[in-house]
Every structure is written in C-alpha cells, then in structure tokens.
1. So which residues in the range A:57-76 are over 23 Å from A:Gly29 (Cα atoms) and crowded, with 20+ Cβ neighbours inside 10 Å?
2. Just to confirm my filter: which strands (runs of 3 or more DSSP E) fall fully inside the range A:1-85 and include at least 1 residues that are farther than 29 Å from B:Trp34 by Cβ?
3. Give the residues of the range A:12-47 that are within 17 Å of A:His74 (Cβ to Cβ), in contact with a Ser or Thr (Cβ under 6 Å, 6 or more places away or on another chain) and either of a type outside the set (Gly, Ala, Ser) or loosely packed, with under 13 Cβ neighbours inside 10 Å (or both), sorted by residue number.
4. Under 9 Å between Cβ atoms, which residue pairs at least 6 apart in sequence (or on different chains) link something in the range A:36-60 that is at the interface with chain B (Cβ under 7 Å from one of its Cβ atoms) and touching a residue at least 12 places away in the same chain (Cβ under 8 Å) with a partner that is aliphatic (A, V, I, L, M) and in a loop (DSSP other than H, G, I, E, B)?
5. Quick one: what pairs do we get from the range A:99-114, first residue more than 7 Å from chain B (Cβ to nearest Cβ) and under 15 Å from A:Lys77 (Cβ atoms), second part of a strand (DSSP E or B) and acidic (Asp, Glu), C-beta under 9 Å, 6+ apart or different chains?
6. Let me confirm something: among A:Ala111, A:Ala91, which residue is of a type in the set (A, V, I, L, M, F, W, C) and either closer than 13 Å to A:Tyr25 by Cβ or not in a strand (DSSP E or B) (or both)?
7. Filtering the range B:32-45 down to residues that are more than 9 Å from chain A (Cβ to nearest Cβ) and in contact (Cβ under 8 Å) with a residue 40 or more places away in the chain, which residue is nearest to B:Arg22 (Cα to Cα)?
Amino acid sequence: GDSVTQMEGPVTLSEEAFLTINCTYTATGYPSLFWYVQYPGEGLQLLLKATKADDKGSNKGFEATYRKETTSFHLEKGSVQVSDSAVYFCALSDQGGATNKLIFGTGTLLAVQP
Amino acid sequence: DAGVIQSPRHEVTEMGQEVTLRCKPISGHNSLFWYRQTMMRGLELLIYFNNNVPIDDSGMPEDRFSAKMPNASFSTLKIQPSEPRDSAVYFCASSFYRTSGAYNEQFFGPGTRLTVL
C-alpha cells in the first residue's frame, strides 16, 4: 500500500539555520503531497501542498517540491525561527485521491534554539 | 469561520468507565476522520465517514471503541469500557471530498486529551 517515510528526529537547529526534513513516498497513481505542522498542544494544520509532479508548495518561508523521479517531497526553509519549533508531518493522498484518506509519516520534531 | 470543534478538551476518567468524545466538523464538509495520537504509536487513523456513512473502520482498536455520525454536523467516538492504554490525544478532522479525485485537505480540531487512570 501507499506509504510515507520521514527522517527521524528530533532535529535541533540554531535560529537562522537552514532546515531540511526529508520525506519520500511509495504510491500508486498520482498522489497529492502535503506537509502538516503541529505546534505544542494543538492539532495538525496544513503548511503546504503540491498536487502534481514538479509543483512547488510554499508557505511561511517553507518550501517543498514534488519530485516524481525520486519520489520525494523534502521540506526546506532558509532561516528557521524559534517559533518554527513543532512537529512536521509529511502526508500523501491515499491511492492518488481515489479514497479521501491521507497517509501520514511518523512526524519529525524540530527544536530551534535561540 | 469556526474550525473543527471538539469536546471535551481534557477528560480524566477511571478504568472501566464509559468515555464519549464529540466532534463538530466544519460546516459544508462531508468527510470526517477520527485519529488517535500517542508517543509510542504516533498518529493513527481510527475511522472515517463520507456523507455520514462509515467507510473504513479498520483502525478501530477493538470492540470497546465505537463511532457514530447521526448527521452532517456531529460525530461521537465512544470507548466502553475504558482502559489505561486508551490514554492518548484524540483528534477529529474534516474535509470536503470530491469524487473527481482532487486533493482533499483535512482540517484538524484541537484534540481531546484523554487520561484513563
């Protein structure tokens, strides 16, 4: 079945450092890809998305490009802030959207130190 | 606009008691999802509904868990009897599902933190 693999955390960075969180996927069809973020004590919220190959999703300084050839959707940010400390989840639409389930990765905890 | 509403936000109960968690999805959404999150197992999909009909309940741990969606604006997740291993944060999410296969962004509620003593 479809699946998502994320790099394990925690990832600890200093403020203004460059961030990469790796995400690769296995899927049938042509899934949409998502990054969700969960701040402490809150539910998940959509950070960015891409619906087809070579699309770049971006929001709040974060970016991720849908790479079909490498089945990847790595999350990047050029300069992280303390307020970016959260858990980040990569996800894809199950069976290319044939169902409306999302398949989530295990999450990566990011801790940004001042 | 109001997001997904869950109640209660925190629940502490004793082993063997019945627990009912409630969710109000975003108005106009036709899909509803129940998730459970723990440190050990991460985020797990328990069950989801399309148009108030349960579609996939394969994630429901055992018969002690049941979920209903009597109408488009309300769903419950019930645990009877509760056990300490049910302690977790339970999230409800909703989305608008199109059969055309367009991406289906899910909107999450704030969660209910359940502690079973």
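1. To start, the set of residues in the range A:57-76 that are over 23 Å from A:Gly29 (Cα atoms) comprises A:58-63, A:76.
A:Phe62, the sole residue that qualifies.
2. Qualifying strands (runs of 3 or more DSSP E): A:11-14, A:19-21, A:56-59, A:62-65, A:75-77.
3. Once the filter is applied, which keeps residues that are within 17 Å of A:His74 (Cβ to Cβ), in contact with a Ser or Thr (Cβ under 6 Å, 6 or more places away or on another chain) and either of a type outside the set (Gly, Ala, Ser) or loosely packed, with under 13 Cβ neighbours inside 10 Å (or both), the range A:12-47 yields A:Ile21, A:Thr24, A:Tyr25, A:Thr26, A:Pro31.
4. Here the result reads A:Thr51/B:Ala102, each pair linking the range A:36-60 to a residue that is aliphatic (A, V, I, L, M) and in a loop (DSSP other than H, G, I, E, B).
5. none
6. Values: A:Ala111 fails: either closer than 13 Å to A:Tyr25 by Cβ or not in a strand (DSSP E or B) (or both).
Within the list A:Ala111, A:Ala91, the selection yields A:Ala91.
7. Ranking the candidates gives B:Trp34 first.
Bear in mind these aren't lab numbers, they're just calculated from the coordinates by the rules spelled out. This structure is a prediction, so every number in the text was calculated from the model and none was measured. Counting neighbours? That spans all protein chains shown, and the Cβs are built from the backbone with ideal geometry, glycine included.
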